[in-house]
Amino acid sequence: MKNSNLSRRTFSKTLLAGAPLLAQAQQGSKPARIKIDTERVVGDIDPKLYGNFVEHLGRCVEGGIFEEGSKLSDAEGYRKDVLKASKDLNIGLLRWPGGNFSSNYHWKDGIGPRDQRPPRLEMAWGTVESNRFGTHEFLKYTEMLGTEPYFCTNLGTGTWEAAQQWVEYCNSSEDTAMTRLRKQNGRQQPWKVNYWGLGNEMDGPWQMGHRSAEDYGKFALEAAKLMKWTDPNIKLIVAGSSNYGPGIDWIGWNKTVLEYLKHHGDYLALHMYVGNRENNYLEFLASSRDMDEKTKTAEGVIRGAMSTEPGRKMYIAWDEWNVWYRARGDKERGRKILEERYNLEDALVVATFLNSFINNAHIVKIANMAQLVNVIAPMFTSPEGMFLQTIYYPLMMFAQNSKGKSLELFVDSPKYTSKRFGDVNYIDTSAAYDNGNLVLNVVNRHETQAITVEIEAQDKQFSGPVSISEVNGPDIKAENDFGVTKVKATPRTATAQGHKLTMQFAPHSYTMLKVKLV
Ligand code: AHR
């Protein structure tokens, strides 16, 4: 653990001695600066940026959101503790049933009387899928959560007809064999599932039914036509790039698939997982720069493709993203898999990814953290209870507070040099402005130094109390566990008047400020 003693010492000074001691860490350097102008709007922040993802993988569904017979579940099998903590994440869109799982998922296996559903070999993750949790159970869960469902269709081993019939089963009001089946299974009214994925990670050789970009484009186009002719109101998410290894032409994949799908697709799905394999804290903390770059590149590809489609819009859906590098590899097969335990540095990377989504709010309209519980997730359960992982806190704070318009900020910050990205700001930011309320998100990437920042409101004035919430912990490797909360959000308040506000941001912290502008 690099520099953990120094780091721990600095953090306790923050708590005990407050601002004067923190200022010493910066002696001799001028403060960093952030300038805010409420007229410099990037775009509307879509609540679907705070999406999440539930896959039939490990203990995400079984033992996560759903545990039949558990003392912690309701009569239908939904875990009440997980549901409650999920509600606080203000989830704007919930993706299901995979992931890699979806590429061999036959949705009709998961409807009808639970005890009569067929168990199937599950080849993506090496288990048996009981099918006791299916379309009705998932849609009931989204209703309980108050969120929008997003279904990922099987374009791996599945057919155009199966994808079309799933839309019909869920959304049609006509009297057809599919809607009669739905009614027979207890649901009279259509649900109106608006978001549909055209397969998952079809660019990856690991995917069941992996295809070349041309083959995927042609195949997905026929599915898209049938799905939109069944319900013209649905939005379709095209499987964009997830495979960025050396020599992989991920830009070419996106270009090709959009040529086929630009008439029918509404979002281009991108996936990104990052990790700290080399145990290099600052390099790891710069990972959001990769996301920024890929967002901008994909935006260019979309613009190019859509230049022939006047009046049509296409956006980016980062519909799988997270830190994931410890619990993976060929060994990860079976039920207790991908159970990543998160620490403080992971939570900071998550906060910088959320900053990246907000800073690109004009084009990024969907983002789904992968995944909701147990599997690379912000929540972790046992049959006895649950705890909140470190990454839960930034996700919850962004989702509850950063709404309205995204603002473009001027940021002047001390920098460090990263191997991959060159100069990187220690101070990473985003801002949301909603009806006179400003939310400023600030990550201090510095491991040992507090950084003083002069925050200037250019066209308005700060007014009244500033509510501050800081995610931090004793050191960058600190983790939470059952009954142990080392990393969490700690609230405090300050007051602000006039155009300027000076704040000190503790080492290795994510801080959210909320203040009125008049
Ligand atoms: O989220 C875990 C897995 O990561 C998903 O199943 C797949 O889409 C991605 O490779």
For segment 284-423, give the share of DSSP beta bridges that are antiparallel, in percent and rounded to the nearest 5; count only bridges with both residues there. 55
On Cα atoms only, tilt of 4-17 relative to the major axis of the chain in degrees: 70
³J(HN,Hα), Karplus 6.51/-1.76/1.60, whole Hz, each residue of segment 48-53, x for Gly, Pro: 6, 5, 9, x, 9, 8
Averaged over all viewing directions, the convex hull of the alpha carbons in segment 76-197 casts a projected area in nm² of 7.7
Any idea what log10 I(q)/I(0) is at q = 0.12 Å⁻¹ for the chain, Debye with uniform C-alpha scatterers and no solvent? -1.12
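Translational diffusion coefficient, Stokes-Einstein: compute it for segment 201-321 using the Kirkwood radius over C-alpha pairs as Rh, at 37 °C and 0.692 mPa s, and state it as an integer in µm² s⁻¹.
Values: Rh = 15.3 Å.
This corresponds to a translational diffusion coefficient of 215 µm²/s.
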Spelling it out for Ser73: with amide H atoms placed in the peptide plane at 1.01 Å from N, the residues 5 or more places away or on another chain with amide H under 5 Å from its amide H are Lys80
In degrees, nearest 10, range 0 to 90: what is the angle between the Cα axis of helix 213-230 and the longest Cα principal axis of the chain? 70
Segment 241-305: which trypsin sites (Lys or Arg not before Pro) are DSSP loop and have at most 13 other beta-carbon atoms within 10 angstrom? Arg277
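Under the 0.36 nm per residue contour assumption, what length would be gained going from the current alpha-carbon distance of Val411 and Asp115 to full extension?
Stretched fully, the Val411-Asp115 segment lengthens by 100.7 nm.
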Write down the percent of antiparallel bridges among all DSSP beta bridges whose residues are both part of segment 46-401, to the nearest 5. 20
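For Lys336, Lys460, Lys403, Lys365, give the ranking by accessible area with the largest first, probe 1.4 Å. Mind showing how you got there, number by number?
Numbers: Lys336 150, Lys460 60, Lys403 105, Lys365 25 Å².
Heavy-atom accessible area, descending, gives Lys336, Lys403, Lys460, Lys365.
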Suppose every K and R has +1 on its Cβ and every D and E has -1 on its Cβ; what is the size of the dipole of the chain about the Cα centre, in Debye to the nearest 20? 800
Which whole-angstrom value gives the distance between the alpha carbon centres of segment 49-87 and segment 243-303? 30
Taking R0 as 35 Å, what FRET efficiency do you get between Arg328 and Asp74 from their Cβ-Cβ distance, rounded to the nearest 0.05? 0.60
Cα convex hull of segment 384-475 - mean projected area over all directions, nm²: 9.0
Just to verify a number: FRET efficiency for Arg312 and Tyr273, C-beta to C-beta distance, R0 = 30 Å, to 0.05? 0.50
Distance between the C-alpha centers of segment 430-499 and segment 170-217? Whole Å please. 42
Long-range amide H partners of Phe380, meaning residues 5 or more apart or on another chain whose placed amide H is closer than 5 Å, are Asn374, Phe387, Gln389
When the distances between all Cα atoms of segment 325-471 are binned every 5 Å from zero, what whole-number percent does each bin get? 2, 8, 15, 18, 18, 16, 11, 7, 4, 2, 1, 0
Sequence-distant residues sharing a close amide H with Ala496 (under 5 Å, placed H): Gly464, Val466
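The values are calculated or read from the model by the stated rules, or taken from the named source; none is laboratory data. The structure presented is a predicted model; accordingly, all values stated were derived computationally and were not measured. So basically every Cβ, Gly included, is an ideal-geometry build from the backbone, and we count neighbours across all protein chains shown. Surface areas here come from the heavy atoms of the whole protein model, side chains and all, with no ligands, DNA or RNA. Shrake-Rupley method; radii C 1.70, N 1.55, O 1.52, S 1.80 Å.
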